[in-house]
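Right, one structure below, let's go through it.
The values are calculated or read from the model by the stated rules, or taken from the named source; none is laboratory data. Small disclaimer: the values here were computed from a predicted structure and weren't measured. A quick note on method: Cβ atoms are made from the backbone with ideal geometry, for glycine too, and the neighbour counts reach across all protein chains shown. What goes into the accessible areas is simple: the full protein's heavy atoms, side chains included, and nothing from ligands, DNA or RNA. Shrake-Rupley method; radii C 1.70, N 1.55, O 1.52, S 1.80 Å.
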Amino acid sequence: MAESNQYNIQWFPGHMAKAKREISQMMRLVDLVIELKDARIPYSSTNPMINEIIGNKPRLILLNKSDMADKSITKKWIDYYKKNNIIALDIDSITGYNIKNIIPYAKIVLSDEFKKREAKGIKKTSIRAMILGIPNVGKSTLINKLAKRKAVNVGDKPGVTKTQSWIKISPELDLLDTPGILWPKFEDKEVGIKLAMCGSIKDDILDLEALSINSLDYLKENYPDNLKNRYNLEDISISSNELLEVIANKRGCILKGGIPDLERVEKLIMNELRDLKIGRMSYEKPEGRN
Ligand code: G4P
């Protein structure tokens with residue numbers, strides 16, 4: 001969201017330590033951590049220290065922006081988490097798809113905790129939760145959707161600096177009004193490319209040429225029909241550099257003298273990819289991840 005100004009976050013080591021410390025403090029207030037990931041890139045949209053930060057606090061994973069991801073791959077991710085004893089749910093925070101299932105899923109995650117409470121004679125079954133995730137994953141959109149109003153309080157600084165307050169989502173769920181903002185694994189170049197493919201990192205901090213070549217390589221291998229259909233291509237067995245020139249010609253991205261305008265076509269492809277014009281896509285599969 002515009003006011004959160006996510007791109008200005010500068011994750012210096014001091015900021016990371018502060019974010020980690022403040023989120024650890026927030027966690028003491030809650031029964032449940034709701035970790036938001038981008039359904040298209042569940043691995044790359046994860047903070048590298050998340051397990052350490054969460055510790056043994058019960059966790060529910062929400063795969064957000066599932067409207068943009070490949071349904072069959074999202075299902076594989078959910079199965080993958082299940083195998084690792086983590087409950088995950090695919091959602092779309094804009095239309096509200098599966099939002100109604102968040103509370104029932106949270107109750108499943110907390111069923112042992114509720115049993116413990118019951119054994120101690122504590123009747124309380126309401127849940128206090130917080131939302132955590134990297135910038136741009138949809139934390140404020142989700143909080144506002146759950147609250148059915150513009151309730152979120154997002155700062156443009158890593159971590160959280162204000163006093164927390166609670167939003168009553170239902171008699172069963174109270175949510176901290178400020179999400180925990182964590183950094184992605186940006187020391188990994190592949191992760192940077194994936195985040196950029198999803199539009200979670202601004203183009204101007206990345207090499208547009210490398211990004212579009214990487215994207216075309218990925219599409220050729222994983223979504224060849226989408227690529228062929230969108231750009232009316234017959235042969236995609238040529239190199240991605242050559243493919244850029246072919247698409248430039250087809251789309252009229254031509255400079256004086258008939259030279260392909262590569263910068264323009266690179267921008268066009270990246271915009272079309274993010275606007276779903278090439279189709280719903282996932283950029284990571286659970287195979288080989290741990
Ligand atoms: P954050 O608090 O985690 O930083 O994320 P925020 O809610 O601001 O959401 C980031 C962008 O993602 C927003 O787009 C928002 O509308 C979009 N978004 C959030 N959830 C979903 C979802 O489930 N599906 C889809 N398709 N989009 C979602 P924006 O304000 O237009 O920003 P941008 O497009 O300029 O990045």
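Okay, here's what the table says:
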item	result
Longest DSSP-loop-exposure-free segment, GluC sites (Glu not before Pro), the chain, at most 11 other Cβ within 10 Å	1-186
Around Phe114: net Lys/Arg minus Asp/Glu count, Cβ-Cβ under 14 Å	+3
Accessible area of region 1-128 belonging to carbon and sulfur atoms, whole % at 1.4 Å probe	54 percent
Aspartates and glutamates whose Cα lies under 15 Å from that of Lys116, excluding same-chain neighbours fewer than 8 positions away	Asp31
Lys/Arg +1, Asp/Glu -1 at C-beta; region 207-274 dipole; positive extreme among Ile269, Tyr218, Leu243	Ile269
Total formal charge among the other residues, if their Cβ is under 14 angstrom from that of Thr125, Lys/Arg +1 and Asp/Glu -1	+2
Angle in degrees between helix 262-274 and the longest Cα principal axis of the chain, rounded to the nearest 10	40 degrees
For region 207-274, convex hull volume per residue from C-alpha positions, Å³	79 Å³
For the chain, alpha-carbon Rg and Dmax in angstrom	21.0, 82
Hydrodynamic radius by Kirkwood, which averages 1/r over all alpha carbon pairs of region 24-183, in angstrom	15.9 Å
Within the chain: Cβ-based charge dipole about Cα centre, in debye rounded to nearest 20 (Lys, Arg +1; Asp, Glu -1)	1720 debye
Kirkwood hydrodynamic radius of region 51-98, from inverse mean 1/r over distinct Cα pairs, in Å	11.6 Å
The chain: relative contact order as a whole-number percent, Cα under 8 Å and 6+ apart	23 percent
Nearby lysines by direct alpha-carbon distance to Lys150 (threshold 16 angstrom, same-chain neighbours under 8 apart not counted)	Lys139, Lys168
Those aspartates and glutamates that a straight Cα-Cα span of less than 18 Å connects to Lys220, excepting residues fewer than 8 apart in one chain	Asp70, Glu190, Glu209, Glu234, Asp235, Glu242, Glu245, Glu266, Glu272, Glu284
Computed FRET value (nearest 0.05) for Glu272 with Glu187, which takes r as the C-beta separation and R₀ as 22 Å	0.15
Whole-angstrom Cα spans of region 164-268 along principal axes, big to small	64, 28, 25
Lysine pairs with alpha-carbon atoms under 24 Å apart, region 28-103, spacing 8 or more or separate chains	24
Simple Cβ-charge dipole of region 207-274, Lys/Arg +1 and Asp/Glu -1, about Cα centre, in debye nearest 20	320 debye
Of all accessible heavy-atom area on region 167-290, the percent that carbon and sulfur account for (1.4 Å)	47 percent
Accessible area per residue in Å² at 1.4 Å probe, computed on the chain	50 Å²
Once the Cα gyration tensor of region 3-80 is diagonalised, semi-axes √(5λ) in Å	25, 18, 11
With Cα atoms, 0 to 90° folded angle of helix 71-83 axis to the chain main axis	40 degrees
